Every structure is written in C-alpha cells, then in structure tokens.
Amino acid sequence: MTKKVAFYTLGCKLNYAETESIARRFETARFERVDFSQSADYYVINTCSVTEVANKKSRNSIRKARKNNPLAKVIVVGCYAQLKAQEIIAIGGVSLVLGAQDKFNIIEKLQELEAGTAPHIVSGCEISKLTNFEASYSLSERTRSFLKVQDGCNYNCSYCTIPQARGASRNASIAHIVAQAQEIAQSGIQEIVLTGINIGDFGRSTGEAFLDLLRALDAVEGIARYRISSIEPNLLTSEIINFVAQSRAFMPHFHIPLQSGCNEVLRLMRRRYSTEFFAHKIHEIKEKIPHAGIGVDVIVGTNGETAEYFEKTRLFIKSLPISYLHVFTYSERENTDALGITPRVPEHERHERNLALHEVAEERSAHFVRQNVGSVRPVLFETKQKNGAFSGYTDNYIRVQSRKSGIEKNSIVPLQLTEINGECWGE
C-alpha cells in the first residue's frame, strides 16, 4: 500500500522552496502527498526559529501532527531542528530531527530509521563546516514559484541566529539557476520570486555577481515576472536599481530590511548602513522608478532601544515613501551578543511599540494605494475569493480584487485601479 506523507512549513519563502524540493523527493520515492490536516503515515515539518513565537508554532505543529495520526512518524527539519534538536525530541513522538546538512537526505535517513531499532534519529552538523548548496524551488502555488538562489549569511547581526542555523553564504551557479527557471517556465507559472537568506551576497561560491544573475534570468522565455524577495540596503546597488528600471520582467518592487530607524540602535544591531544611507536608497528608487512598491522590515523592542530611540524610528519610517511595512517584535535568541545589551525593553512596551508602528504601516499602505488609484497596472490573478472576485497583485505589489469578466487564475490583466471601502479594485 502506498505510504502517505504530509508537509507543513513555517517561516520564510526560502523554507517554502525547500519544502517543495523535499516533497519532490518523496514523490520520486512513490509516496502519496496529502494535506497536513489529513491522516498520514509521515509528517514533515519544516521549522523556523527566528523568534520564540516561531519556536512555539513549530512545537504546536508537531503536536498537531501527532493528533492527526498518533501512529505516524513525525520528521522535523529546518532552523529549529538545527538549533534545538534535543528540545524537539523532548516534546515526544518525533522520529527524525534533521539539521541543515541532512534535511535533503531525508529519504535515506528515513530508510535508516525504518531499518534500525532506535526510536528516533537526530542528525545535525557543525554549521561552520556546512558548504553544500541544495537547489530548491516551489511549484505548488501554480501562479508563483519561490526559487532559491542563495543560502546562509556571513553577516553577524547582534540579535540574529540565522548564521548559526544556516551557515555561511553560498550559492549555485548562474547557469544552474537559469536551468531551474526554465523548468519552472515549462510548468506554466508566470512569476518567480528569488529567495535566499542574503541574496544580494550571491556569488561567494562561484565568483559571479547578483546583477549578472538578474540579467540572465531576465532573458528566460516564458517567465513574465520576477521579484527580488528581500535585499540588504548596502547590497542594493545603483546598477541593480537601474537594471530593474529598464528590465523586461523584473517588477518595480523592492523589499528592503531596515530593522531600526535610529542610528544608535543600528550600531547596536551591527547593521551595515545608517538611516541616511537607507533614506538615500529609498529616494533613489523612487527617483528612477516613481511607481515602485517598496516594502520594509523593522524590529521593535530590541535591547538598547530606549523610548527616544523608538520615536526616532517611528518618525523616520513616517518620512519614507514606502508602500508597506512588516513589523516584528524582538525576541531574545540564545547565543547572541544582543543579550548583553541594556536596557531591556519590557514585554508590554514592545507590544505597544508594535501597535504604534502598525498604525504607521496602515497609513503608508493606504497612501501608496491612493497614489495609484486611476492608473492602469497589470495584475497577476492568483485566487478566487468567497465574494466571487478574483484577487492578485499588480507589478508594484498592490493587492487588487476584480469581478471583471474573462479573468482567470494565472492570467495577467491590465486594469484601472479604484478604491472601494479601503480596498483596491480593478476595472
């Protein structure tokens, strides 16, 4: 009888790409893939550990898998598995914990488990010795694919454990990534999102340049759209901005981590830019691509962020012509230098700062939509809503709904944007 396997992914776009790559290994081995809510023989959980909330969600997903089928074998991979293997085993009911080295050897490790007498296998690695790059991409969304172009990080931000979980920066060759993009194109997918941990650092393994990768991908036939998932401001060169401005397929959309709008906090974080430099990059984008959508990440409540420093961040973000804002609340991570920074922000104050920046986020997003009302923008439609409308995203990343006749999933349609009850619609 065919064995059934289910998958659950937490965290970043890179995790989603890697889950799909792992899933294809199971499909090749003739497993039947089912939804995570169903009873399966194996549950594969790809975890995140960027915050304590992520750790908690990872633990909850393990318990949910056990509830779905108490007799199933639960396999845990990803960043939480690399950093906290013994903590995972202590939850109970987990058969395999695979760190960064072995998560792509999952079929072989499962065979070892089935052939052995041990109740579980924990397979980790010394992260400093991790050098392999496993190519990955997703196909499950059918309109958009996440394509992994880089992994790991050589930065040493004081609050972050990603280098401990992912290892040093590394990548595949441009030729290999282009070949994968061509495979994705053959599936009918219209849009590729380039993913990684620090994708602007692309080229360390191969001596190539990120800009050359963009140029090569732009020439791939069959892909209508590319997006750069996130790029460090100090790696977003003028040449990359100029390229996107005239590109055939790279969308006028940038996602740039800010993390703090206060230079004193940026120094404590060991970030590699100032607020002045960051603002210059934002204005350079808007000067060359006025309609560009720009997303920003920020962390509130980090150790050392006084009330005065937070207010600097709030006012700085309000001054930027961005289109959306992702707000994260700081969570202490073991083995990070940030733990030695004072003062420590109380939990309730972190929450209040998060709410304050969400107000800024709503204002910035609404302002960007209003700027685009009346313009005609191409929309890639992805899903049909319960209200009967299709929804998708413009080239500059505005979510649009439309009931216009002739619209189908995975179609790109130019529409004039209107605003109805705070939502963006296309006609």
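The values are calculated or read from the model by the stated rules, or taken from the named source; none is laboratory data. Keep in mind that what you see is a predicted model, and the values were worked out from it rather than measured. As a convention, Cβ positions derive from the backbone with ideal geometry for all residues, glycine included, and neighbour counts pool all protein chains shown.
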Verdict on S49 being of a type in the set (G, A, S), at pLDDT 95 or above and either in contact with a helix residue (DSSP H, G or I) (Cβ under 7 Å, 6 or more places away or on another chain) or over 12 Å from G124 (Cα atoms) (or both) = no
K129 fails exactly one of (1) out of contact with any strand residue (DSSP E or B) (no Cβ under 6 Å at 6 or more places or on another chain); (2) under 23 Å from T206 (Cβ atoms); (3) among the basic types (K, R); (4) modelled with pLDDT of 95 or more, namely (4)
One residue from V149, V97 being surrounded by 21 or more Cβ atoms within 10 Å (Cβ to Cβ) and assigned by TED's automatic domain parsing to the domain that holds Y43 = V97
Does the stretch 72-94 hold any residues that are surrounded by fewer than 20 Cβ atoms within 10 Å (Cβ to Cβ) and not aliphatic (A, V, I, L, M), and which are they?
-> Q86, E87, G92, G93
Out of I241, I223, which single residue is modelled with pLDDT of 95 or more, of a type in the set (A, V, I, L, M), surrounded by 21 or more Cβ atoms within 10 Å (Cβ to Cβ) and on the phi < 0 side of the Ramachandran plot?
-> I223
Quick one: would you say T302 is in a helix (DSSP H, G or I) and among the hydroxyl-bearing types (S, T, Y)?
-> no
Select from the stretch 294-306 the residues that are surrounded by fewer than 24 Cβ atoms within 10 Å (Cβ to Cβ) and touching a helix residue (DSSP H, G or I) at 6+ places or on another chain (Cβ under 8 Å) and write down the one among them that is nearest to D337 (Cα to Cα).
-> N303
Within the stretch 332-343, work out how many residues are of a type in the set (S, T, Y) and crowded, with 17+ Cβ neighbours inside 10 Å.
-> 1
Could you say whether any residue in the stretch 98-114 is farther than 23 Å from R30 by Cα, of a type in the set (A, V, I, L, M) and at pLDDT 90 or above?
-> no
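A quick yes/no check of all residues on (1) part of a helix (DSSP H, G or I); (2) outside the structural domain of A279 (by TED's automatic domain parsing); (3) touching a residue at least 40 places away in the same chain (Cβ under 8 Å); (4) of a type in the set (V, I, T):
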{"site": "N242", "(1), (2), (3), (4)": "yes, no, yes, no"}
{"site": "L258", "(1), (2), (3), (4)": "no, no, yes, no"}
{"site": "G261", "(1), (2), (3), (4)": "no, no, yes, no"}
{"site": "V265", "(1), (2), (3), (4)": "yes, no, yes, yes"}
Check V369, V376 and return the single one that is in contact (Cβ under 8 Å) with a residue 24 or more places away in the chain and surrounded by 15 or more Cβ atoms within 10 Å (Cβ to Cβ).
-> V369
Odd one out for I322 among (1) assigned to a loop (DSSP other than H, G, I, E, B); (2) surrounded by fewer than 23 Cβ atoms within 10 Å (Cβ to Cβ) | (2)
Looking only at the stretch 122-157, and only at residues there that are of a type in the set (V, I, T) and part of a loop (DSSP other than H, G, I, E, B), the one that is nearest to the chain's Cα centre (by Cα) | V149
Set E18, E32, E27: member being more than 18 Å from S95 (Cβ to Cβ) and buried (at least 24 other Cβ atoms within 10 Å of the Cβ) | E18
For the subset of the stretch 123-178 comprising residues that are of a type in the set (A, V, I, L, M) and touching a Cys at 6+ places or on another chain (Cβ under 6 Å), which member is nearest to I299 (Cα to Cα)?
-> I162
If we keep only residues of the stretch 10-45 that are in a helix (DSSP H, G or I) and β-branched (V, I, T), then the residue farthest from the chain's Cα centre (by Cα) is T28
Which members of the stretch 52-71 meet the condition of being surrounded by fewer than 17 Cβ atoms within 10 Å (Cβ to Cβ) and not in a helix (DSSP H, G or I)?
-> P70, L71
